[in-house]
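The values are calculated or read from the model by the stated rules, or taken from the named source; none is laboratory data. Computed from a predicted model, the values in this text were never measured in an experiment. Positions of Cβ are backbone-derived with ideal geometry, glycine not excepted, and every protein chain shown enters the neighbour counts.
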Amino acid sequence: MKNKKEFNVMIFGATGMVGIEVLYQCINRSQIKRVVAVGRRPTGVKNLKLNEIEHHNFLDYTPLKPVFSDVDICFYCIGVYQGKVATAKFLEITCDYLAHLIDSIETVKEDITFCLFSAQGADPTERSPILFAKAKGRAEKKLLNSKIYRKFIFRPGFINPGIKRARSRIPARIVKPFYKLIPGIGVDSSVLASVMVDVGLALITLELVCLFVSIGIIVNFIVLQIPMLDKHLSKKYGDEFEEYAKQTKKFIPLVY
């Protein structure tokens, strides 16, 4: 990638809980020159940096290929609750939408940073008996096996909806008490979005702040979060979890 000071960003799923926060983060970053939001409906956000593209067929990205060539970072935040749609549709949205996008981007530009919003428990080996874990894992594996140069996967647990979210499927007044009671179980959507953008910018800007934030997140998960969660799950599920842990990597899919 050329040495640039300003970057162009593309966001898929910018009307969702995390996507809208990523959008706000991007339009407020001086390093980001232009933001392209792709979706079925408008975000409702007005900003000179923002260009919205209405797109309905997420199994065919041919109309978007001319745009891909100018994109430096892609944030993929499309997702759906498993219980909201039939199994076939859930797999299509979770796996096929992403697979077709990656295939399309690869034909145009491999030198791109791709940030995937996934979920805690995703299993790239697809051995999990849980459909959600298998589907998220299959999506991750597609990205990991792609030719895209820089790829990051984010696996949050519980997400506390941010104040900017326009369309919340779960009212914040219901979930916030649980988040405040056990804050370690999740993260604010605004914080998650900030981290995603920091990490996305880290390697291509080489800014120390972004790099330190990225390193700090990794250390926090390895030293604090993973051992804490492993202990809790082992206590709750016993041998069943121990067997699952032997077959599943802790932090980096297929590696560690």
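Just one of (1) in contact (Cβ under 8 Å) with a residue 24 or more places away in the chain; (2) surrounded by 15 or more Cβ atoms within 10 Å (Cβ to Cβ); (3) outside any helix (DSSP H, G or I) fails for residue 80. It is (1).
Only one entry of 68, 90, 75, 58 meets the criterion of being over 24 Å from residue 150 (Cβ atoms), in contact (Cβ under 8 Å) with a residue 24 or more places away in the chain, in contact with a helix residue (DSSP H, G or I) (Cβ under 8 Å, 6 or more places away or on another chain) and of a type in the set (Phe, Trp, Tyr), and that entry is 90. Scanning region 113-142 for residues that are buried (at least 22 other Cβ atoms within 10 Å of the Cβ), aliphatic (A, V, I, L, M) and farther than 24 Å from residue 190 by Cα yields a single hit, 135. Suppose the filter is touching a helix residue (DSSP H, G or I) at 6+ places or on another chain (Cβ under 6 Å) and of a type in the set (Val, Ile, Thr); does residue 107 pass it? The answer is no for residue 107. The residues of region 73-87 that are of a type outside the set (A, V, I, L, M, F, W, C), at pLDDT below 95 and closer than 20 Å to residue 154 by Cβ, listed by number, are 79, 81, 82.
Residues in region 20-52 that are within 23 Å of residue 89 (Cα to Cα) and either surrounded by fewer than 14 Cβ atoms within 10 Å (Cβ to Cβ) or not aliphatic (A, V, I, L, M) (or both): 39, 40, 41, 42. Remark: pairs (first residue in region 16-45, part of a loop (DSSP other than H, G, I, E, B); second residue surrounded by fewer than 24 Cβ atoms within 10 Å (Cβ to Cβ) and aromatic (Phe, Trp, Tyr); Cβ separation under 8 Å; 6+ apart in sequence or on different chains) = 31/7; 45/24. The requirement of being at pLDDT 95 or above, touching a Ser or Thr at 6+ places or on another chain (Cβ under 9 Å), part of a loop (DSSP other than H, G, I, E, B) and of a type outside the set (Lys, Arg) is fulfilled nowhere in region 88-110; no residue meets it.
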